[in-house]
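Structure first, then comments.
The values are calculated or read from the model by the stated rules, or taken from the named source; none is laboratory data. Small disclaimer: the values here were computed from a predicted structure and weren't measured. Backbone-built Cβ (ideal geometry, glycine too); neighbour counts: all protein chains shown. Areas reflect the complete protein model, heavy atoms only, side chains present, ligands, DNA and RNA absent. Shrake-Rupley method; radii C 1.70, N 1.55, O 1.52, S 1.80 Å.
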Amino acid sequence: MIRMLSLTAMLAVATPVVAQDPAHMPGEEAVDPYSVADANAGAQPFAGTEMFDAFHGQAGIDRIVDRMLDRSAADPRTAGIFVATDMIRLRRTLKEQFCYVLGGPCAYTGRSMKDAHDDIGLQPADMGALVEHLQTAMEEEGVPFHTQNRFLAKLAPMRRDIVTR
Ligand code: HEM
């Protein structure tokens with residue numbers, strides 16, 4: 001009995017339950033430490049779940065982000081920007097950000113838009129290309145046009161932290 005108890009105690013010590021650090025998520029490249037906060041998402045979320053529902057919830061958001069990123073990474077205008085990027089982390093954090101901003105039940109654990117894009121030197125044309133792919137992805141998902149535009153208007157002020165050239 002004592003032996004069983006001590007084995008249980010040893011296992012408890014060997015496998016502590018620790019919260020995942022979003023700067024060092026399994027399967028992702030580590031990034032410099034930063035403070036985690038929803039405010040890093042760069043926009044106040046829409047009230048209610050109307051927008052989240054119009055995007056078909058998390059599954060719809062996942063499809064939109066994946067299609068937007070697949071197209072951006074394959075687009076000769078922007079492909080070079082994504083070559084050295086950890087796409088696993090980018091997919092995860094963008095899905096969190098979209099879910100959070102659209103009023104879904106998500107927290108945003110990524111970096112601020114300024115921190116994330118500071119060193120990339122993005123130009124207006126890069127932004128134009130990404131937004132084009134986002135619009136196509138939302139269209140394919142069947143998000144109504146006026147809902148697409150409400151979301152794009154919410155993202156628009158982030159531009160000043162993203163486009164630096
Ligand atoms: C409204 C527009 C945009 C939003 C909402 C957005 C959002 C994000 C988010 C959430 C991250 C991840 C933050 C993290 O890793 O902690 C990120 C990183 C990144 N974004 Fe954007 N982004 C936008 C525009 C763009 C554009 C136009 C490009 C290039 C065409 C771009 C390229 C990248 C790259 C390469 C990274 C990875 C940076 C790194 O790993 O150091 N983003 N973005």
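Tabulated data for the structure shown
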item	result
Residues whose placed amide H lies under 5 Å from that of V163, excluding near-sequence neighbours	none
FRET efficiency estimate (nearest 0.05) - Cβ-Cβ, I88 to N149, R0 41 angstrom	0.85
Residue-averaged 222 nm ellipticity for the chain, from DSSP H runs of 4+ at -39500 (n - 2.57), nearest 500	-16500 deg cm²/dmol
Two-site FRET efficiency, R165 against A47, from Cβ-Cβ distance with R₀ of 35 Å, rounded to 0.05	0.50
Residues listed by number, the stretch 104-146, amide nitrogen under 17 Å from D32 label point at 7 Å toward C-beta	110-122
Accessible area of the chain belonging to carbon and sulfur atoms, whole % at 1.4 Å probe	60
Calculated diffusion of the stretch 13-85, Stokes-Einstein form, Kirkwood radius summed over Cα pairs, 25 °C and 0.890 mPa s, µm²/s	154
Extension gain from D119 to Q20, taking 0.36 nm per residue of separation minus the Cα-Cα distance	33.1 nm
Cubic angstrom per residue, convex hull over Cα atoms of the chain	147
Solvent exposure of the chain as accessible area per residue, Å², 1.4 Å probe	58
